[in-house]
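J.: Below is one structure. I have some questions about it.
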Amino acid sequence: MNPVAAVGVVGGVLGAGAYALAVLDGAAARGVAGMPRRWADVVVEPARDAALLALTRRSTTERPDAQAWALAPGLLAAMAGAAVASVPLAEGFAVADVADGIVLFGAAMAVVMVGVYLHGWSANSPFPLVGGYRFIALALSYEMPLALVLIAAALPAESLSVGAIVASQAGSWNVVRQPLGLPLYLVAGMGLAFWGPLDGADGADLAGGTAAEVSGPARLAWELARRFVLVAVALMGAAVFLGGWHGPVLPGAVWMALKTLALLALTVAIGHRVARVRLERFVVVAWAVLIPLALVDVFVSGALAL
Amino acid sequence: MAPFAAALAVVLATGVAVLATRWLPTAVPSELTAPERVPFLGGGLPEVHAWSRYHVRYYAMALLFLAFDMEMVFMYPWAVVFVEEGVLALIEMLMFIVILVLGILYAWREGALRWA
Amino acid sequence: MSRSLAVDVAFVLFAGGAVVAAWLVFRTDSMVRAAYWLLASFLGVGAVMVLLHARFLGLVLVLMMAGEMTIMAVFMVMFMMNPAGLNPMTMVHQHGSAKVAGLVSFAGLALVGIVAEFPDRPRTSDADPTAELGVELLGDSMLIFETAGVTLLATMIGSIAVASKRGRFGDAEEGSGPPPLEPTARPAPEPEPAMEDHDHEGMHHG
Amino acid sequence: MGVIRRLATRAEAPVFPVVGAGGRLRASELALLPGIRLVGTPRAASVLLIIGDLTPALVRPALTVHDQLPSPRATVWWPVGADRGLLQAWPGLVTVEAGDAEGLRRIFAGLVEGRRASDPPLLLDIEPARWRGEGPYGQGGTGMTGGVPFGRPLPGRAPDPDGLELDQLPLHIGPLFPPFPPGLVLDVALQGDVVRQASVGENPFRSWPGGPDPGPLDTGAFVEALTTPTGVAELELSRARHHLRWLADALRVHGLSALATRVARLAATLAPTDGPEVEALVRRLRRSRSLASATAGVGAVDRPAADLPAGPVARAAGAGDDARTDDPAYRALGFEPVVHHGGDARARMHQRLGEAVQSLELAGRAGEAVRAPGPALEGPRGPLRRGRPTPSSALVALVPTALAGSEWGDAITTVVSFDLDMEEAALSEVAGVHS
């Protein structure tokens, strides 16, 4: 695809996805809190918050690593963009249908760890620092299950390309063929975007963690970038586990959008229902339970694919 | 190579777009006083720099990750040829994985996954 | 601009970027920056590999190095005094021998590059290098592949045995004392736990 | 810019609260007010909201936090109870009637629209320490770790139980750290993310020269009932409300802020007829695996339950003392204390949930029953006896040992699970009458 069109498409997907995510989150929060609010307000709310952040001054700390601090949200957003580019948005329409799509996704998501750590480290402030280190513990734990469930999905497709993985789900979706895949993927994906129960890096107990010292445009960039990552995760999940563009009646792109929104809604709902997990415990569970389960997923999927 | 060119364009453009928030007129922290730049401690004042020899307590797990990361990389090419190669591939990979799961088992048994 | 020219330009940019980033590793005072300049260098190398049609290897390099460099940063910060380079320091020591080692290794590699005869077997562009790698791993190189598994197992067990203080049978240092100062002496008795005093010191430092 | 400004004017006003004397009850209702959003760090706030009166020791922290707000910023004061005048000198302070969200929003809108100037920084622009000009790089010293770069030294090392000897950060956190109860100052030695040592700093509510003169305490109804006959139904309803307010704070710390808002609303409007709703909520929270794993084994106090200060914390550890057991009014209702075992944060949460349900049930049954004034009364944090130390002061003493060695998140869970009130802790003894 021509680079300009590619940028336009990915930008559109990320922007629309992040906005939809913010609206869903606002609606869910109001629902759980029992605060009725006009729909119009809920829909405009994220734009208002963003506008306020854009009008607020950026603050800084005494002696930050300014360049690394500025880079962090850009890194997250760029990696989310790379991941979105590798996902086919409709049959035969991927921005960059890389033959090793899930490796590209894995690589992009590994670099996300760098971004979050830098965001925590650079402020030279205690709470962001602890948040950054928390994220590394989280990332080292979820990365294996994330890669393994994607490999399991690649087995029946005989290819690492996301397009091929979606095409291989013409008969039945991976969520049915590989029932372990989607739950494990969602746990890892929520960790990736430090969302809901796995938000230790930016948790309330650290006064916002890595984001405790950012304000104004820098905060806006960070919140956007983080949502971009979750959108990329949901998009990839919709393609790899929910059959991507496959679906009756409606066009493929609409199905992709609906499935992505469904996954986003699911993560939002989990975020408002499940308390923050103690990372110390999550690490043990990830290695002793999630990784073995992911390996079982790989072998069962493999045996079924033969 | 074309998909990579598109991906590269996307990476650069999204990254730069988010970085561009730094050029918003409000993004220049001009003329901040020293107290405005003090790190937040709930009203308290810091004595020392936060940058320090930070004691991570998951270092054993981090070392385990290094080895496991390597293993995972072998699985990608394996996944591509798996159906083609059939049972042989399944058995070979099973052997490989069992060896590595022994590593996790050992780590778990030794309590290395728990934080120091 | 023709496609091949674009590829050439990209190659030069990425390769040059990799070299510059590698140089910057030694020009910074911060351990975190040093680690991530090295990662940036690897990103350049990964991109070069992709340009050379080794897509999978290029991407995998990025995938692994992002994790690896982060772990390196974590360990460097943990054990280096002044980890953020707030006080001046230099990443380069033993200048003389470092220069010699650098020149010798560069000359050696350059010599190999110039003198060695590289195999020249043009492939059709539709061959999937990832699949070929898979066939190789499961076929002729199977023994290497499985040996790698055992090696990695040894790595895991070794690193845990060395790094983990806690063991299945209790504290790894239980009953051990600091090494004696004289080679023939018995190990010094285990010191009394003096945590409180030290903690106190730590609290009021600075 | 016009559109952006118009949009921003209608955004929820991000508020960072500074809870002064007498402000705690008001602060607990902040999340319920429309058009206002509570934030956890001043960097995310536009409005610094001072609730209640500032004591001398709270002024410096409030100024520190004020300057950490990014501009445009404004300071709003909601006066509650006594005003001893310290806030009169605060430049640019806007006084708005306590609880008036609309008034606060007007200030915020003026700020965003540019009709109102942003607060200037209030503290003097002085670098934290002299450092310029020394050393080859102007870092303030020589060598790798010598000197005080940029005005602060590098942290020092301390041994760690796992054999390493890495840096320890001496931190003074509070008294305005949102996860903590207002006024709690914690001096911690943080090694990595572990609290190696903790001690409770000077209580800012004790900083008036003539001794503390608290505004309305959040347990004021109970203190009053020591001397005046009070309906059992009224007392028990207050207790249930208190425990629900605590629950809202705890849920917010555990990352369930939307649910916390729901609980806070329930606490604010609680009536004896809300029994089913509270029971449903309690059932749900008790079943929650994530909450259980976030609190189980955290903050266990390793001493016999009998040695703990009496109250919910001791009852959560298995000690059944409850001043209500000997109270004739309660005996007539067949009162039996709720007791849990384990003595950790989870047991304390279940204890308070159980007591809230029980109190609501008692309130429904008590009818017109009146409790005669007596020497002792079970308050929501423990027994209140005239002339004896307040329950909070005994609970504060538990904090240092309970925190030592715990991870930061667990430390917060522990602090919250004790349900401290620093204003109450500032009182040397329970007095009979309250303003």
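J.: Direction-averaged shadow area of the convex hull around the Cα atoms of chain A, nm²?
T.: Result: 15.9 nm².
J.: Ignore the peptide's own chain and count Cβ atoms of other chains within 10 Å of each Cβ in C:132-143; give me the average, rounded.
T.: The shielding value for this peptide is 5.
J.: Applying 1/(1 + (r/R0)^6) with R0 = 56 Å to the Cβ-Cβ distance of D:ARG303 and C:THR28, what FRET efficiency is obtained, to the nearest 0.05?
T.: Step by step, r from the Cβ atoms, then E = 0.65.
J.: Where a ≥ b ≥ c are the square roots of the eigenvalues of the C-alpha gyration tensor, would you call the range A:228-306 rounded, which needs a/c under 1.5, or, failing that, prolate if a/b is larger than b/c, or oblate?
T.: Oblate, because a/c is 1.5 or more while a/b does not exceed b/c.
J.: Here is a follow-up. Using alpha carbons only, how many angstrom separate the centre of the range A:48-118 from the centre of the range A:230-306?
T.: Cα centroid to Cα centroid, the span is 20 Å.
J.: Can you sort D:ARG265, D:ARG152 from fewest to most other Cβ atoms within 10 Å of each residue's own Cβ?
T.: Going from least to most buried by this count: D:ARG265, D:ARG152.
J.: If I model a spin label at C:SER105 and C:LEU13 as a point 7 Å from the Cα along the Cα→Cβ vector, what separation in nanometres do I get?
T.: Spacing of the two 7 Å Cα→Cβ label points: 2.9 nm.
J.: Here's a follow-up. Under a point spin-label approximation (7 Å from Cα along Cα-to-Cβ), what is the D:SER199-D:ARG6 distance to one decimal in nm?
T.: 5.9
J.: Calculate the FRET efficiency for B:TRP23 and C:VAL20 from the Cβ-Cβ distance with a Förster distance of 25 Å, rounded to the nearest 0.05.
T.: E between B:TRP23 and C:VAL20, to the nearest 0.05, is 0.50.
J.: Would you mind getting me the FRET efficiency between C:SER141 and D:GLN88? Use the beta-carbon distance for r and R0 = 56 Å, nearest 0.05.
T.: Efficiency at R0 = 56 Å is approximately 0.10.
J.: Taking every Cα atom in the range C:80-141, find the radius of gyration and the maximum pairwise distance Dmax, and write them in Å.
T.: Reported Rg and Dmax, both Å: 21.8, 55.
J.: Sticking with this one: Any idea what the relative contact order of chain D is, in percent, if you count C-alpha pairs under 8 Å spaced at least 6 apart?
T.: This gives 16 percent for chain D.
J.: Report, to the nearest 10°, how far helix B:59-85 tilts away from the longest principal axis of the Cα atoms in chain B, using its own Cα long axis and a range of 0 to 90°.
T.: 50
J.: What is the order of D:ILE4, A:ILE151, B:ILE97, fewest Cβ neighbours within 10 Å to most?
T.: D:ILE4, B:ILE97, A:ILE151
J.: For the protein assembly as shown, what log10 I(q)/I(0) values come out of the Debye formula at q = 0.04, 0.05, 0.07, 0.09 1/Å, with one point per alpha carbon and no solvent?
T.: -0.21, -0.33, -0.66, -1.08
J.: Please compute, over every Cα-Cα pair in chain D, the percentage with a separation greater than 37 angstrom.
T.: Every Cα pair in chain D considered, those over 37 Å come to 29 percent.
J.: Calculate for chain B the 222 nm mean residue ellipticity that helices alone would give, adding -39,500 (n - 2.57) per DSSP H run of length 4 or more and normalising by residue count, nearest 500 deg cm²/dmol.
T.: The helix contribution divided over chain B gives -20500 deg cm²/dmol.
J.: From the residues B:PHE96, A:VAL289, A:GLN67, which one has its Cα farthest along the dipole of the protein assembly as shown in the positive direction, the dipole being from +1 and -1 charges on Cβ of Lys/Arg and Asp/Glu about the Cα centre?
T.: The Cα lying farthest towards the positive end belongs to A:GLN67.
J.: Still on this structure: Taking the Cα centre of the range A:3-305 as the origin, how large is its charge dipole in debye, to the nearest 20, when only Lys and Arg (+1) and Asp and Glu (-1) carry charge on their Cβ atoms?
T.: For the range A:3-305, the charge dipole is close to 620 debye.
J.: In debye to the nearest 20, how big a dipole does the range D:220-426 give about its Cα centre with +1 on each Lys and Arg Cβ and -1 on each Asp and Glu Cβ?
T.: About 420 debye.
J.: Would you mind calculating the gained length between D:THR95 and D:ALA280 on full extension (0.36 nm times residue separation, minus the Cα-Cα distance), in nm to one decimal?
T.: 62.6 nm
J.: By count of other Cβ within 10 Å, fewest leading, how are A:PHE135, D:PHE16, A:PHE93 ordered?
T.: The most exposed by this proxy come first: A:PHE93, D:PHE16, A:PHE135.
J.: Additional query: What are the residues whose amide H is under 5 Å from the amide H of D:SER406, where those residues sit 5 or more places off or on another chain and H is modelled from the backbone?
T.: D:VAL195
J.: Another one. Within 10 Å of each Cβ of A:28-35, how many other protein chain Cβ atoms are there on average?
T.: Mean partner-chain Cβ count within 10 Å for A:28-35: 5.
J.: Now a separate question. Between the range D:18-89 and the range D:240-315, what is the C-alpha centre distance in whole Å?
T.: Using only Cα atoms, the two centres lie 26 Å from each other.
J.: Looking at the range D:216-281, what % of the alpha carbon pairs are farther apart than 16 Å?
T.: Distances greater than 16 Å cover 50 percent of the Cα pairs.
J.: I would also like to ask the following. What nm distance separates the two modelled labels at A:MET35 and D:THR269, each placed 7 Å from Cα along Cα→Cβ?
T.: 1.4
J.: Shifting gears a bit: Which Cα, out of A:ALA99, A:PHE135, A:LEU186, lies furthest along the positive dipole direction of the range A:77-204 (beta carbon charges, K/R +1, D/E -1)?
T.: Sorting the options by dipole projection puts first A:PHE135.
J.: What does the average come to when, for each residue of peptide A:211-224, you count the partner chain Cβ atoms lying within 10 Å of its Cβ?
T.: The shielding value for this peptide is 6.
J.: When the Kirkwood hydrodynamic radius is evaluated over all pairs of different C-alpha atoms of the range B:2-109, what value in angstrom, to one decimal, is obtained?
T.: 20.3
J.: Debye calculation, C-alpha points only, no solvent: report log10 I(q)/I(0) for the range D:25-120 at q = 0.16, 0.17, 0.23 Å⁻¹, in the same order as the q values.
T.: So the normalised log intensities work out to -0.64, -0.74, -1.42.
J.: Charges only on Cβ, +1 for Lys and Arg, -1 for Asp and Glu: so what's the dipole of chain D about the Cα centre, in debye to the nearest 20?
T.: So the magnitude is around 1080 debye.
J.: Same structure again: Using the Cα centre of the protein assembly as shown as origin and beta-carbon charges of +1 (Lys, Arg) and -1 (Asp, Glu), tell me which of D:LEU291, C:PHE118, D:TRP208 is placed farthest towards the positive end of the dipole.
T.: Of the options given, the answer is D:TRP208.
J.: Tell me the mean residue ellipticity at 222 nm calculated for chain D from its helices only (DSSP H runs of n ≥ 4, each -39500 (n - 2.57), averaged over every residue, nearest 500).
T.: -10500 deg cm²/dmol
J.: Suppose only helical runs count, i.e. DSSP H with n ≥ 4. What mean residue ellipticity at 222 nm does that imply for chain A under -39500 (n - 2.57) per run, divided by all residues and rounded to the nearest 500 deg cm²/dmol?
T.: -23500 deg cm²/dmol
J.: So how far, in whole Å, is the C-alpha centre of the range C:54-116 from the one of the range D:173-188?
T.: After rounding, the separation between the Cα centres reads 44 Å.
Read-outs: derived from the displayed coordinates by stated rules, not from any lab. Values in this document were obtained by computation on a predicted structure and should not be read as measured data. Note: ideal-geometry Cβ built from the backbone for every residue, glycine included; neighbour counts use all protein chains shown.
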